[in-house]
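The values are calculated or read from the model by the stated rules, or taken from the named source; none is laboratory data. The model shown is predicted, which means the values in this text are computed figures rather than measured ones. No Cβ is skipped: glycine too gets one built from the backbone with ideal geometry, and neighbour counts run over all protein chains shown. We work out accessible area using only protein heavy atoms, side chains counted, and drop any ligands, DNA or RNA first. Shrake-Rupley method; radii C 1.70, N 1.55, O 1.52, S 1.80 Å.
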Amino acid sequence: MDGRHDRGSATLDWVQIPALRLLVALTDAGSLGVAARRVDVAQPNASRSITMLERRTGLKLLDRTPQGSTLTQEGRLLAEWARDVVESVDRLASGTLALSGTGKGRLSMGASHTVAEHLAPLWISQLNHTHPQIRVVLEMQNSERVIAGVTAGDYEIGFVESPSVPAHLHQAVITEDPLELVVAPDHPWAERGEWARPGDRAQRSEQGGSQLSRGVALTELAQTPLVIREPGSGTRALVDRVLAPFDPVRPITELNSTAAIIRAVRAGAGPAILSRLAVTEELAEGQLVRVPVRDGRLTRELRAVWTGPSRLVGAAARMLETAVSPLRGPRTGLGRQ
């Protein structure tokens, strides 16, 4: 063996998160000493950590010279892969801490499924860096229950995906969330869809997909049984509103989990309308196919909601600032709209 793991290795037992943090820090720091200080490790320990990582992976990660140490080409590539791992671990830690509700300066927060699964962990991680004294207690509910929890005082702030918010709540638009009509690759509508992978698109075209990218009209969509979220969810509320003028048929099934809907669609149960955030990976991997809706715009706004004074203060205000920080312009203004 040359130190490298063969394909039969059951686990990457060489993975050590502190060593990966150090490797990522090296890409930005420019020297092992600076990287070690950034991750709060003594330089001799940092050097041993990288040496151990090289031994376990069988890769030369550093070029060591009297003038200092720099990453090799393999080291830079491994560091870029490691960055995703480290960020995922940080999100896992932040989300777990939020769900457990431990620590000082607790902020009670409710979030709809889409926000809780795809956005809240990023916000919480960022908040932990900027305001480490704040510990977020996160509860995932559908939008209707989040609104009820905010109204009852159970949550200091809530994040929902409903197309409308009760007038007694203050609100702020966080971002737009496009919805996608998706089907399994072998569904008849897949021929009218947009394939994320160019090879899949070309293959469909060669097989005679003359209807490629024609899409589906709202009238046809309304007359097709869908796999859909339960009443009370923001996704369901928008779908019901969009299809209401066309006398929609009953859904083929109602599920209270986005993951369950994705599994059902992939198994051939029928089409579904889901947040683009929730199906990005499945579309990229060709497990689902996006089908355009020709005469309708399936986009909603994700909102923060709260009661009491129109301008938030304290931990809730910091969370709202974190959630809207990537945005620019008046759409991030506070207060009732």
Seminar exercise, completed: Inside segment 209-253, the number of residues satisfying the requirement of being charged (D, E, K, R) and either buried (at least 17 other Cβ atoms within 10 Å of the Cβ) or within 21 Å of Gln287 (Cα to Cα) (or both) is 3
For this session: Please determine, by comparing only the residues of segment 152-187 that are open to solvent by 30 Å² or more (accessible area, probe 1.4 Å) and of a type in the set (Asp, Glu), which one is farthest from Met140 (Cα to Cα).
Result: Asp186
Seminar exercise, completed: The condition from (1) touching a helix residue (DSSP H, G or I) at 6+ places or on another chain (Cβ under 7 Å); (2) at pLDDT 80 or above; (3) basic (Lys, Arg) that Arg38 misses is numbered (2)
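Yes/no per residue for (1) touching a Pro at 6+ places or on another chain (Cβ under 7 Å); (2) open to solvent by less than 50 Å² (accessible area, probe 1.4 Å); (3) in a helix (DSSP H, G or I); (4) not charged (D, E, K, R):
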position	(1), (2), (3), (4)
Asp40	no, no, no, no
Leu53	no, yes, yes, yes
Arg64	no, no, no, no
Arg83	no, no, yes, no
Met109	no, yes, no, yes
Pro121	no, yes, yes, yes
Gln126	no, no, yes, yes
Val137	no, yes, no, yes
Arg145	no, no, yes, no
Exercise. Does Ile261 satisfy the condition of being touching a strand residue (DSSP E or B) at 6+ places or on another chain (Cβ under 6 Å) and in contact (Cβ under 8 Å) with a residue 40 or more places away in the chain?
Worked result: no
Exercise. Any residue at all in segment 316-336 that is modelled with pLDDT under 90 and in contact with a Lys or Arg (Cβ under 6 Å, 6 or more places away or on another chain)?
Worked result: yes
Exercise. Considering Ala167, Ala196, which residue is part of a loop (DSSP other than H, G, I, E, B), closer than 30 Å to Arg311 by Cβ and either modelled with pLDDT of 95 or more or among the aliphatic types (A, V, I, L, M) (or both)?
Worked result: Ala167
Seminar exercise, completed: Flagged in segment 268-286 as open to solvent by 50 Å² or more (accessible area, probe 1.4 Å) and either at pLDDT 95 or above or of a type in the set (Val, Ile, Thr) (or both), in numbering order, are Thr280
Problem set entry | The listed residue being modelled with pLDDT under 80, hydroxyl-bearing (Ser, Thr, Tyr) and open to solvent by 60 Å² or more (accessible area, probe 1.4 Å), out of Thr11, Thr70 | Thr11
